[in-house]
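I have placed the structure first, in the form of structure tokens, so that the comments after it can refer back to it.
The values are calculated or read from the model by the stated rules, or taken from the named source; none is laboratory data. All of these numbers come straight from a predicted model, not from anything done at the bench. Heads up, the Cβs are rebuilt from the backbone with ideal geometry, glycines too, and the neighbour counts pull from every protein chain shown. Accessible surface is based on the protein model in full, side chains and every heavy atom, while ligands, DNA and RNA are left aside. Shrake-Rupley method; radii C 1.70, N 1.55, O 1.52, S 1.80 Å.
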Amino acid sequence: MLLRRCFLLPFPAVRLVRRSLHRQHDHIVLHPEVRQALQLQKPVVALESTIITHGMPMPENVVTALAVEEQVRQNGAIPATIGILDGRIKVGLTREELTTLAEKPRDQVIKCSRRDLPFVVSRRQSGGTTVAATMIIAHRVGIRVFATGGIGGVHRDGHESLDVSADLTELGRTPVAVVCSGVKSILDIPRTLEFLETQGVCVASFDSPGGVFPDFYTRDSGCTVPYNLKSAQEAAELLRSWQELKMESGLVIGVPIPEEFAADKFKIEKAIKEATAQAKSQGISGKEVTPFLLAAIAKITKGRSLKSNIALIKNNAKVAAQIAASLCDVSAKLEGSVQKAIDKKPLVVGASILDLSFKVDDQKRDMKLDGATYSAVAKQAAGGVGRNIAEGIYKLYGDVNLISAVGNDQMGQTLLQMMPKALKRGLIVADNHNTSLCSLIFDKFGDCKLILGNMEIHQSITAETLQAHHQLFREAPLIIMDSNISEQAMASILQQAQINKIPVFFEPTDMFIAGKPFKLLPELTKNIRLIKPNLQELKTIVEAITGETVAWNPDIKQPQAELVHQAKSLIKKIDCHFNCIIATLSDHGVLLSYRGDAENDARLLLDVSKSTPPHCTRFYPAPMVHNIVNVSGAGDSFCAGFITALLRGRTLDECIAGGFVAAERALQSESAVPATYFSNQESFESRYKQTARIIQQQSV
């Protein structure tokens, strides 16, 4: 009997993949303070740099930028001024970098919107980021709140010139909350608000009764918006719901300029018209219009508009920091409600095995199963699907209970010495069976060619021994069961799951035994809510549940589109029996089938009610991995990462990302389960949240 598969893993067991998961982030450099804040989920506020490079003259630009950062700090958040220096996108400019950017001649610094970013980076030039560019970068690194002076919009002759700021389309497609003093007064505000509505952008005023929307220099644009937020707390609650709904558009919060700095409506309008006339007469166009108008208005008003500009951006930074801090507080409170589930220990029941692996190092001959002797490197490690998953959960989640069996022999002692103490609490030491031993044979490329294993000891996991651990079942938020155990043990587990209303995550383990519970115990399988088969195992499960013979023979060499199509067809036959099916398609990726209402709350995957809403499917391409040294435990680590994120109440994308990130570490480790996945829990969460943002864009 095969112990477990070493093919059709969620990550490739091939030598061709050598590119880092985070290669697309090579151009982005995070300041250590910003990186740490994001990892620890502390409040961070993004700040643009066009105000430094094009919005204000020296030295007001530097003084204002530093003062704005100080406002962010004083109100409980970390500032992250974003700019581009010599082709490197900096998230969190140092004082020296900020000054360097400000002092560069205007013709050497590009005003960067979305269209300009690749050019500036490729030419290693410098640039100040507009609202649009700052939103893109903030979203890429995980910053949710961004403070600026005012957003761009439809120009006053925009209905004729079609001059519409890229800020507006960016707000329609990038989920970042922009705290500003509305739309710049030089623009057509009514048309801008109409454009934002068409883009699906939620626009709200802040502490402005009646929803009066500001217009940069003054507190009243003459326009109103549907919603008014009375406090930072209300704004944070709005942002939380916006996140949970996974809105793909941005959000605008219009903060009125402090009253003592507000301009006279008549005088500022007169200055705007005069400046606009100057721009036309001088042939100013494109992205140079706004900087020109702001400078001209400052000159016409003898500096009064510049003072207003400085006051409003500082006030916006203050409000943005308060919102970011409140958002962290709201998230902490909601996650506290998940903590009760987190405090409970998931329970794993499955195989513990001593793995002996042999990797051929004969570079002159390709290995064949021909009875010949090949030079190989031998290694010994703790293994077993259930045990591997349990150790992964223990290292990523914090704690776990494991019920498994080892023999009272030398191999058993060796295996016990390799296992964390926490995994030994529910171990059965059997006198009448030898410890399970598995021999894995890898060719010189690292591809697994043969697995031999003895499984008899798992008969020691009986209904009686499981009943003796009934308290572990009663307290578990989730039971994970592999298919190596006996039919009688499965029946006992599924009965206790039904009695205690606990969901079961089934790891099929191998194509020959994947259908065991569905074929032999169909009346007990209703609590199996999640399964993670590869294509061969999926075929077996479909045949066991439906009683039909599936003619298709999965072949990972088939085109990706064909594999995904065939897998969807198989899943459709059985999806009503489960909340979630995670079908792994080798190095192609993962096909996820899930109940539709879990889109906004992944914890519904743990629901044990009989009714299952219609399913949705989504394909996630496998991230590229470099420095692969071992493939034997990648699938088990994927399970551990997915389950950890699920039990912590994360989104579906984050659960899949948690699996990918954990599997990546396993592929780069000599052992099936890495000695250490990450330095601490925050590192794991930071990595899978970052990865989730990438795979969300790639999934189909």
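Tabulated data
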| quantity | calculated |
| --- | --- |
| Test: Thr81 is free of Cβ contacts under 8 Å to residues at least 40 places away in the same chain, open to solvent by 10 Å² or more (accessible area, probe 1.4 Å) and hydroxyl-bearing (Ser, Thr, Tyr) | no |
| Looking only at segment 398-410, and only at residues there that are open to solvent by 10 Å² or more (accessible area, probe 1.4 Å) and in contact with a helix residue (DSSP H, G or I) (Cβ under 9 Å, 6 or more places away or on another chain), the one that is farthest from Gly426 (Cα to Cα) | Gly398 |
| Asp355 in a strand (DSSP E or B) and farther than 24 Å from Glu464 by Cα | yes |
| Residue that is most open to solvent (accessible area, probe 1.4 Å), among those in segment 198-217 that are assigned to a loop (DSSP other than H, G, I, E, B) and in contact with a strand residue (DSSP E or B) (Cβ under 9 Å, 6 or more places away or on another chain) | Asp207 |
| Whichever residue in segment 297-309 is crowded, with 20+ Cβ neighbours inside 10 Å and of a type outside the set (Ser, Thr, Tyr) and, among such residues, is nearest to Lys273 (Cα to Cα) | Ile297 |
| Some residue of segment 633-644 being open to solvent by 30 Å² or more (accessible area, probe 1.4 Å) and either assigned to a loop (DSSP other than H, G, I, E, B) or on the phi < 0 side of the Ramachandran plot (or both) | no |
| Leading residue by the ranking (farthest from Gln39 (Cα to Cα)) among those in segment 153-166 that are open to solvent by 10 Å² or more (accessible area, probe 1.4 Å) and not aliphatic (A, V, I, L, M) | Glu160 |
| Of all residues making up segment 571-581, the number that are among the aliphatic types (A, V, I, L, M) and within 12 Å of Thr617 (Cα to Cα) | 2 |
| Within segment 462-511, considering residues that are of a type in the set (Asp, Glu) and in contact with a helix residue (DSSP H, G or I) (Cβ under 8 Å, 6 or more places away or on another chain), the one nearest to Ser404 (Cα to Cα) | Asp482 |
| Residue ranges of helices (runs of 4 or more DSSP H) in segment 399-515 with at least 1 members among the small types (Gly, Ala, Ser) | 410-418, 463-467, 487-500 |
| Unique match (being touching an Asp or Glu at 6+ places or on another chain (Cβ under 9 Å), modelled with pLDDT of 90 or more, among the basic types (Lys, Arg) and surrounded by 18 or more Cβ atoms within 10 Å (Cβ to Cβ)) among Lys395, Lys345, Lys359 | Lys345 |
| All positions within segment 106-127 that are part of a strand (DSSP E or B) and of a type in the set (Ser, Thr, Tyr) | Ser126 |
| Subset of segment 411-426 (residues that are open to solvent by 30 Å² or more (accessible area, probe 1.4 Å) and more than 20 Å from Pro674 (Cβ to Cβ)) | Met411, Gln413, Arg425 |
| Residues (in contact (Cβ under 8 Å) with a residue 40 or more places away in the chain and open to solvent by 20 Å² or more (accessible area, probe 1.4 Å)) located in segment 95-112 | Glu103, Lys104, Arg106, Lys111 |
| Failed item in (1) of a type in the set (D, E, K, R); (2) over 14 Å from the mean Cα position of the chain (by Cα); (3) closer than 23 Å to Asp482 by Cβ; (4) open to solvent by 20 Å² or more (accessible area, probe 1.4 Å), with Arg648 passing the rest | (2) |
| Filter result for Asp555 (out of contact with any Cys (no Cβ under 6 Å at 6 or more places or on another chain), free of Cβ contacts under 8 Å to residues at least 40 places away in the same chain and of a type in the set (Asp, Glu)) | yes |
| Among residues of segment 31-67, those that are over 32 Å from the mean Cα position of the chain (by Cα) and surrounded by fewer than 21 Cβ atoms within 10 Å (Cβ to Cβ), counted | 7 |
| Qualifying residues in segment 234-274 (those that are part of a helix (DSSP H, G or I) and of a type in the set (Asp, Glu)) - the one nearest to the chain's Cα centre (by Cα) | Glu244 |
| Pair list, Cβ < 7 Å and 6+ apart or interchain, from segment 650-670 residues that are closer than 21 Å to Ser593 by Cα to residues that are at pLDDT 90 or above and β-branched (Val, Ile, Thr) | Ile656/Val590; Gly658/Thr644 |
| Total residues in segment 218-247, condition within 21 Å of Ile313 (Cβ to Cβ) and open to solvent by 70 Å² or more (accessible area, probe 1.4 Å) | 2 |
| Whichever residue in segment 436-476 is within 33 Å of the chain's Cα centre (by Cα) and open to solvent by 20 Å² or more (accessible area, probe 1.4 Å) and, among such residues, is farthest from Ala422 (Cα to Cα) | Phe445 |
| Residue that is more than 16 Å from Asn316 (Cα to Cα) and buried (at least 20 other Cβ atoms within 10 Å of the Cβ), where the choices are Gly254, Gly250 | Gly250 |
| Residue check, Glu70 open to solvent by 10 Å² or more (accessible area, probe 1.4 Å), closer than 17 Å to His27 by Cβ and either free of Cβ contacts under 8 Å to residues at least 40 places away in the same chain or not in a helix (DSSP H, G or I) (or both) | no |
| The listed residue being part of a helix (DSSP H, G or I), at pLDDT 90 or above and over 30 Å from Ala491 (Cα atoms), out of Ala332, Ala324 | Ala324 |
| Hits in segment 125-145 (condition: under 22 Å from the mean Cα position of the chain (by Cα), surrounded by fewer than 24 Cβ atoms within 10 Å (Cβ to Cβ) and of a type in the set (S, T, N, Q)) | none |
